[in-house]
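Where a number appears in this text, it was derived from the coordinates with a stated rule and is not lab data. Owing to the predicted nature of the structure, the values given are computational and were not obtained by experimental measurement. Cβ placement follows ideal geometry from the backbone for every residue including glycine, while neighbour counts extend to all protein chains displayed.
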Amino acid sequence: MKFISTRGDAPALSFEEVVLAGLASDGGLYVPERLPSFSKEQIASWAGLSYQELAFNIIQPFIDGEIEDQDLREIISKAYCSFRHDAIAPLIQTGHNEWVLELFQGPTLAFKDFALQFLGHLLDFILAKRNQKVVVMGATSGDTGSAAIEGCRRCENIDIFILHPNNRVSEVQRRQMTTVIADNVFNIALEGNFDDCQNMVKASFRDQSFLPDGRQLVAVNSINWARIMAQIVYYFYSSLALGGPHRSVSYSVPTGNFGDIFAGYLAKQMGLPIEQLIIATNSNDILHRCISENDHSKQSLHQSLSPSMDIMVSSNFERLLFDLYGRDGSEIQRLMSEFESGEMSLSESALHDARETFSSFRLDDDDTIELISSVYSNTEYLLDPHTAIGVAAARAKCRNPHVPMICLATAHPAKFPDAIELAAKRSPNSKLSEPKLPSHMSDLFEREERFTVIKDDIHAVQSFIAEQLGT
Ligand SMILES: *Cc1c(COP(=O)(O)O)cnc(C)c1O
């Protein structure tokens with residue numbers, strides 16, 4: 001299978017090349033030339049498969065023989081053996097026709113483990129085969145960093161540099177990254193916000209001349225195709241668990257960079273009957289404004305209680321735009337250069353098509369706290385603040401109450417104790433209290449931390465990286 005750029009002006013790549021590539025040379029994102037698609041009968045025949053078996057069936061057509069089936073099975077099996085729950089992605093009922101899909105059973109307690117445990121093992125396999133070493137560089141607003149570090153810490157052919165905005169990730173999130181003490185792991189606390197971190201990474205990918213000879217950068221943020229691909233699996237898995245594909249289900253997805261929900265869109269394109277995909281945002285609401293009032297403009301960044309969704313621009317949205325504009329790369333180039341000035345608007349037909357599949361909703365911090373508290377008092381189930389936004393969106397935007405609604409639970413509540421504490425204050429008579437970290441992390445606050453604070457300056461960051469690699 002070939003992969004092509006959303007801006008239409010970069011060479012097509014093979015699967016292994018696209019895993020290593022990151023951004024395309026024309027600034028676009030890679031997508032498969034054609035999506036595999038599955039008939040209803042075929043999907044129905046997968047009912048009862050384990051998560052790993054299902055993952056193999058869904059991922060294998062994208063790889064198209066470039067990796068032997070046996071090797072792919074092994075990569076998948078290694079990726080998901082670090083999850084603490086046998087179901088890998090368990091469903092919990094929280095309302096009459098409402099479920100929460102717990103995607104936080106992996107090593108760092110956020111859904112990003114689904115993609116990054118897989119990507120780490122996949123990269124390890126590809127690099128060993130090619131006898132190649134790479135540098136992973138990524139930006140994180142919280143959960144990506146720790147999941148990427150956990151995914152790569154044992155990879156022999158990878159050095160990993162993760163930039164996080166200094167003082168703008170939760171203490172649990174920071175410690176999950178900075179307490180991994182390994183020779184190939186480097187944490188950079190950038191004096192800026194998440195978008196500054198992301199711009200730094202983008203600029204470094206454009207011009208990699210600061211690296212020692214023979215090294216190249218690999219992206220592990222959600223622009224990496226393999227991450228999106230791995231996330232398609234849990235849409236199929238949860239639908240099958242609730243009677244799909246013989247009936248449709250809907251999903252509500254807490255959204256930042258549009259990676260997670262884009263995987264749901266792909267599942268639908270591949271044949272899974274999905275009724276509604278709901279984009280749930282916090283007050284950093286560019287996607288909600290875009291879908292609801294065709295206002296896709298950059299606004300200043302708000303720090304919220306759901307920091308993993310604190311973004312000004314959703315990079316993966318470009319992948320959807322590519323489809324909405326008939327896969328015409330020159331249209332995307334035009335749109336994106338328009339957007340560089342700060343805003344763009346979609347054509348009537350693009351907006352119409354987007355609204356066929358997607359609904360959108362925004363929730364501010366105060367209502368997020370309220371929702372955590374009310375769901376707890378009705379069910380004794382504790383939501384993290386990101387998931388809470390998804391549940392609120394599901395309840396507000398549900399079009400058909402007879403269709404099962406699945407809310408993706410993107411993080412464990414113990415990752416965000418500040419929000420939970422506020423929710424506990426909101427309902428003083430309930431038993432709601434700070435959730436405990438799972439036992440493998442109970443000493444997180446006593447572990448030694450290692451990170452370097454660097455100013456928001458590209459040369460400072462790049463010379464730090466070169467120095468670490470130079471020895
Ligand atoms: C990353 C993240 C999100 C947003 O996911 P995207 O793929 O960027 O849309 C939501 N919730 C949590 C907890 C996350 O870590």
Determine the dipole magnitude for the chain: charges of +1 sit on the beta-carbon of Lys and Arg, -1 on that of Asp and Glu, nothing else is charged, the reference point is the Cα centre, and the result goes in debye to the nearest 20. 660 debye
Can you report the principal axis dimensions of the stretch 1-94 using only the alpha carbons, biggest first, rounded to whole angstrom? 45, 35, 32
Limiting things to C-alpha atoms, what are the Rg and the maximum Cα-Cα separation (Dmax) for the stretch 241-348, in angstroms? 15.0, 46
Taking each full run of DSSP H in the chain as one helix, which ones are at least 24 Å long along their axis (Cα atoms) and have mean Kyte-Doolittle hydropathy of at least 0.0? 112-130, 225-241
Nearest 20 debye, what's the magnitude of the dipole of the stretch 35-180 about its Cα centre given +1 on Lys and Arg Cβ and -1 on Asp and Glu Cβ? 540 debye
Based on Cα coordinates alone, diagonalise the gyration tensor for the stretch 196-303, multiply each eigenvalue by 5, take square roots, and list the semi-axes in whole Å, largest first. 32, 21, 9
Expected sort for 244-255, 81-92 on mean C-beta neighbours within 10 Å, highest first, is 244-255, 81-92
Summing -39500 (n - 2.57) over every DSSP H run of at least 4 in the chain, dividing by its residue total and rounding to the nearest 500, the 222 nm mean residue ellipticity is -13000 deg cm²/dmol
Could you please report the charge total around HIS386, scoring K, R as +1 and D, E as -1 over all other residues with beta-carbon less than 11 angstrom from its beta-carbon? -3
Need the list of aspartates and glutamates near LYS40 for cross-linking: C-alpha distance under 19 angstrom, and skip anything on the same chain fewer than eight residues off. GLU53, GLU275
Select from GLY151, PHE104, ALA203 the residue farthest towards the positive end of the dipole of the chain; place +1 on Cβ of Lys and Arg, -1 on Cβ of Asp and Glu, and compute about the Cα centre. PHE104
For the stretch 132-197, state what percent of all Cα-Cα pairs lands in each successive 10 Å bin, counting from 0 Å until the bin that includes the largest distance. 25, 55, 19, 1
Expressed as a percent, the portion of alpha-carbon pairs in the stretch 136-280 spaced more than 27 Å apart is 33 percent
Once you treat every alpha carbon in the stretch 362-442 as an equal point and sum by Debye, what is log10 I(q)/I(0) at q = 0.18 Å⁻¹? -0.73
SER330 neighbourhood, Cβ < 9 Å, K/R = +1, D/E = -1, net charge -1
When each pair of different Cα atoms in the stretch 395-471 is counted once in the 1/r mean, what is the Kirkwood radius in angstroms, to one decimal? 17.8 Å
Note down the Stokes-Einstein diffusion coefficient of the stretch 332-471 in µm²/s, whole number, using a Kirkwood radius over alpha carbon pairs, 37 °C, and 0.692 mPa s. 168 µm²/s
Farthest toward positive dipole pole in the chain [+1 Lys/Arg, -1 Asp/Glu at C-beta], among ALA44, ALA226, HIS440: ALA44
Taking alpha-carbon centroids only, the stretch 206-279 lies from the stretch 107-161 a number of Å equal to 17 Å
Alpha carbons only, please: Rg and Dmax for the stretch 125-169, in angstrom. 12.1, 40
How about LYS431: which lysines have a C-alpha closer than 23 Å to its C-alpha, ignoring those fewer than 8 places off in the same chain? LYS415
Column: log10 I(q)/I(0), Debye, Cα scatterers of the stretch 242-283, q = 0.18 Å⁻¹: -0.50
What the 10 Å binned alpha carbon P(r) of the stretch 106-151 shows, as percent of pairs per bin from 0, is 28, 50, 20, 1
Is the shape of the chain rounded, prolate or oblate, going by the alpha carbon gyration tensor and its root eigenvalues a ≥ b ≥ c, with a/c under 1.5 for rounded and a/b larger than b/c for prolate? rounded
